[in-house]
1. Please work out how much accessible surface His32 shows to a 1.4 Å probe, ignoring ligands, DNA and RNA, in Å² rounded to 10.
2. What list of ³J(HN,Hα) couplings, whole Hz, do you get for segment 574-585 from phi and the Karplus terms 6.51, -1.76, 1.60, once you set θ to phi - 60° and write x for glycine and proline?
3. Amide H to amide H under 5 Å from Ile445: which residues, 5+ apart in sequence or cross-chain, H placed 1.01 Å off N in plane?
4. Which ³J(HN,Hα) values in Hz, rounded to whole numbers, follow from the phi angles of segment 153-164 under the Karplus curve 6.51 cos²θ - 1.76 cosθ + 1.60, where θ = phi - 60° and Gly and Pro get x?
5. Considering the Cα trace of segment 275-401, what is its radius of gyration and what is Dmax, both in angstroms?
6. Restricting to Cα pairs below 8 Å that are 6+ residues apart, what does the relative contact order work out to for segment 35-135? Please round to a whole percent.
7. What GluC sites (Glu not before Pro) in segment 143-240 are in a loop by DSSP, with at most 14 other Cβ atoms within 10 Å of the Cβ?
8. Compute the Rg to Rh ratio over the chain from the alpha carbon atoms, using the Kirkwood formula for Rh, and round to two decimal places.
Amino acid sequence: MPDTLRTDLDQPALTQAMLRHLRSSLGKDPEHATTYDWRMSLALSLRDLVVEPWFASTRRTYDAKGKRVYYLSMEFLIGRLIEDVAINLGVEHIAAAALAELGQDYDRIVADEPDAALGNGGLGRLAACFLDSLSTIGIPAYGYGIRYEHGLFEQHFEDGAQVETAEKWLAQRHAWEFERPEVSISIHFGGYVSQCGEKSVWHSDETVLAQAYDTPIAGWQGKWANTLRLWAAKPVKLFDLESFNRGDYIGASRPEALARTISRVLYPDDTTDTGKELRLKQEYFFTAASIQDLMRRFLAEGFEIDSLPDHVAIQLNDTHPAIAGPELVRILADEHALPMARAIEVARKTLAYTNHTLLPEALERWPEGLFARILPRHHRIIEIIQDAHFAAAGTKVTIIEHGQVKMGELAFVMAHKVNGVSALHSELVKETVFHDLHTAYPDRIINQTNGITPRRWLYSCNPALRALIDDTIGQGWAADLERLSELRSSVEDAAFREAYRAAKRSNKERLAEWLKARDRITVNPDAMFDTQIKRIHEYKRQLMNILETIALWNDIRDDPNGDWTPRVKIFGGKAAPGYVMAKSIIHLINDVAKMLNADPTTRDLLQVVYPENYNVSMAELLIPASDLSEQISTAGKEASGTGNMKLSLNGSPTIGTLDGANVEIRDHVGVENFFLFGLTARDVTKRRSVPGFARAAIEASPRLARVLGQIADGTFSGGDSDRYAALLHNVWDHDYFLVTCDFDSYFNTQREVDGVYRDPEAWTRMAALNTAGMGWFSSDRTIRGYASDIWNVRPLVV
Ligand SMILES: *Cc1c(COP(=O)(O)O)cnc(C)c1O
């Protein structure tokens, strides 16, 4: 049995519960039940187990008058929940046995659940890991977000090009949520502000309802459960009967369609400012609903209004909910008659902001005209906040400038703490985007390096390694991940290394079977699985990886009998639909895959696979099976990364640059267990200022020049020499992300990787020391840091 067990549930009881749900919740006779029916009956039965700890946690928080944390995030990239809940409650084996008794296969039922993909990538996945850790540690908390009808788009490849289709997780009933029609909050837009003596009154001209849907989030061993509350937009007036009676059937549904648009889709791009009115409305919609909701809860406990920061901590995950600052000020000043200066101070003590990026195009700015039209009262409050900030800090840094409202500056000024997400990134935040604000408020910026939940990203997704760790250091490490360091003493034990290799091997076979079954792709589990899985972005440099792949292919073809180390290059990831360059990179990877995988002289030595539709569930399959982790972003551009942590934890040494959390990973696993290459963040800035640096680098590297020539002459595009013209032009004449400058260093380091991989004992030592060194990167550690350095909250379980 695994670290058990907070429930007295046994297998017969779970079987009975499932049969009961099958009848009473799904209206099905077991004889006619489909996979969906069984999956729902299992999920509903597991949900029943969470309800008691959930109620108990709420009671406990009220009794203790505990401070609550509110984590506001536009994205929660959750994935599936059945296995997650079963494992946290310690009933995984019982669930498998109960299903077996009912003639059902646990793995098939688990795999039938659609991913809850309410996020784009790392930022949304971080929010999901934080929910798990908040509940595991026992901190009273709510996650607040949007219940998108359509999550992140599904990715397909047509002739190698990415095509998007709408995601439809809510086409079926979502088993985990409780609908709360009684929690419907009015959200206002537009109109004008009038002055009534001292008082400002906002007369809006549009109202929608935010309706709550609650998902209980149980932590490890079910000792505590928090709430993820997602808001769906609903119309105030469901249906216009007058129009209908006139025969205008479409017009009759128009108010409903307009209102629902707000929570219809996840914006598929978290790194560029879309400038869309709908996006601004989405941000205000969920932020305002969340603030009203938490204020109602706070006031119901009878506390003094200006004691808000003693009872409430609000964390803003990036600037998307930065409107929380002016919204909170509006409520405190306009609705509770706090003097404006006091309202600003109380709001600031309550709010904190996490910065996730230095990319200038990703720092949200709204055209002032649009902003003032949709949120006229907030526009005025931001001007007041700006004046107060000028007066207090004696600084020239503006929030509104050149007809734009700058959300990063707003979030900074309205937060008592601003944190970056890795040590390097937090330093760069001080030096670059918020340099002047940092000078004005030198104590405000701190660092909280990201983490990942070890329950999902090792315990659940890698049962083979879990079992070996249990056998080696005993149980209990899943909620105390630093204990993995106890593995270090076993690394010199040949039997341990043998077992570690066997675990990796079985994960690679599992992946090979899945690729065969889903995509009819055959891969050789003896080859090195070299993995780059993440959103496709120029700064992440998938381009450099595929260029290196072509260069290696050339070398193998030049010397087919050389001593090569067989590799499978695995890519996974989606490009934002409007991101032309990223889509061109995807097309190139697929073109190269097609060519190389068909080459009889090289295909046993070098293969490229790019399975469609990378998501959390695919990550859970790929990560345990990976040998090498590609973390090759241009130094200074990846704020932290969390994929780097998942891979290293599961025994993939990193080939990477000194960027984001790579720096700290390298320190923790040991510099000798990390393949470092490339320019540093400072080198990058310097090199960029050298005129013609890209051209010079290409001319100095015959290997790179040859590869670029092949792409240009249509070698990979069936003779079409136009397909990659724009991409190549960018490499030769622009290359903002310095692919050309790091190419040789990357190529040579890959050959070093080849050398170590050829020695299985040396490689296994390295992989195992990665696992042993990664304990610090648990999101439990990150959340403890936020709790003590930002929120000033203490757990309510011991
Ligand atoms: C962890 C994760 C990410 C983040 O990956 P990075 O390599 O840190 O960019 C993105 N998408 C999914 C599905 C993930 O699980």
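The values are calculated or read from the model by the stated rules, or taken from the named source; none is laboratory data. Everything quoted here is computed from the prediction, not taken from an experiment. With ideal geometry, Cβ positions are generated from the backbone for all residues, glycine too; neighbour counts draw on all protein chains shown. Accessible surface areas use protein heavy atoms only, side chains included; no ligands, DNA or RNA. Shrake-Rupley method; radii C 1.70, N 1.55, O 1.52, S 1.80 Å.
1. Counting only protein heavy atoms, His32 exposes about 120 Å² to solvent.
2. Karplus-based 3J(HN,Hα) across segment 574-585 equals 10, 9, 4, x, x, 8, 4, 5, 5, 5, 5, 5 Hz.
3. Here Val418 satisfy the definition.
4. Along segment 153-164, the couplings run 3, 8, 9, 10, 10, 10, 6, x, 9, 6, 10, 10 Hz.
5. Expressed in Å, the Cα Rg and Dmax of segment 275-401 come to 14.7, 44.
6. Taking the mean separation of contacting Cα pairs over the length of segment 35-135, I get 40 percent.
7. Numbers: sites: Glu149, Glu154, Glu158, Glu164, Glu167, Glu177, Glu179, Glu182, Glu198, Glu206; in loops: Glu149, Glu167, Glu177, Glu198.
Hits after loop and neighbour filter: Glu198.
8. So for the chain, dividing Rg by the Kirkwood Rh gives 0.97.
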